[in-house]
Amino acid sequence: MKLKPYVEKIEKSKEYLSFKKQYPDSFMVAGFFVIDLEMKNDIHQIDYYIPSKKKVAAFTIGDHKVVMQMLDVMGGKTPEKLDISTNVDLDALPGILHDEMRNRSISEDVRKIVAVLQTIDGKKIWNLNCILTGMELLRSHIEDATQSVLKLEKISMAEIIKQVPAQALKANAEEQEKPADKEDLKGEIDKLNKIQQEIEKQRDELNKQLEKSQPAKQAKNSKK
């Protein structure tokens, strides 16, 4: 399914109509989706920026209702407007990733995809953070217009955990300190899912860091 049906469902809801009446200057800036390929606990969220408040209203589609929450804008930069038309289906993202992973000899499978659709420098870009079966994270950028993979890199979970705020990790400290059987894969997956929940909460910060790290990485490679 493309972006449009989710936007239409939200914008017909009483929650959105009330919001739009209060903030007529608001406009759509992002789609935030969790594609859970194992547990099927998917999340569909559309974000609207409010210039007068410098905040983002996040509308999440539930089973029978739409829920709104106000979020601060990370970095203070005004996000670009996102229009409703897209070329990439959400259901197609796993297949696009799978093909590119195999082309790069990455043998793991994708367990969960955290996908953020934004307009960056006038282009719609899918920014993906994916949990792999090998307990590693895969990051990718896919251009919506061409469905081409602009970036694909695999990094360790240890590196990602460093990016999670200390307060968030502290909230999980008690659970993480409990004795665990290192042979028990299910236990490790449970821990990973808890960490992933914190990563999802910090998605805007991760996106910002990712954009900053790309030029630095290119500069480093050019020196080799």
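Only the coordinates and a few stated rules stand behind these numbers; no lab work does. Here the structure is a predicted model, which is why all the values come from computation and not from measurement. Virtual Cβ from ideal backbone geometry, glycine too; neighbours counted across all protein chains shown.
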Notebook entry, point to check: Within segment 114-130, restricting attention to residues that are touching a residue at least 60 places away in the same chain (Cβ under 8 Å) and in contact with a Leu (Cβ under 6 Å, 6 or more places away or on another chain), which residue is surrounded by the fewest Cβ atoms within 10 Å (Cβ to Cβ)?
Noted result: Thr119
Next item on the list: Determine whether segment 100-110 contains at least one residue that is closer than 13 Å to Asp36 by Cα, part of a strand (DSSP E or B) and touching a residue at least 24 places away in the same chain (Cβ under 8 Å).
Entry: yes
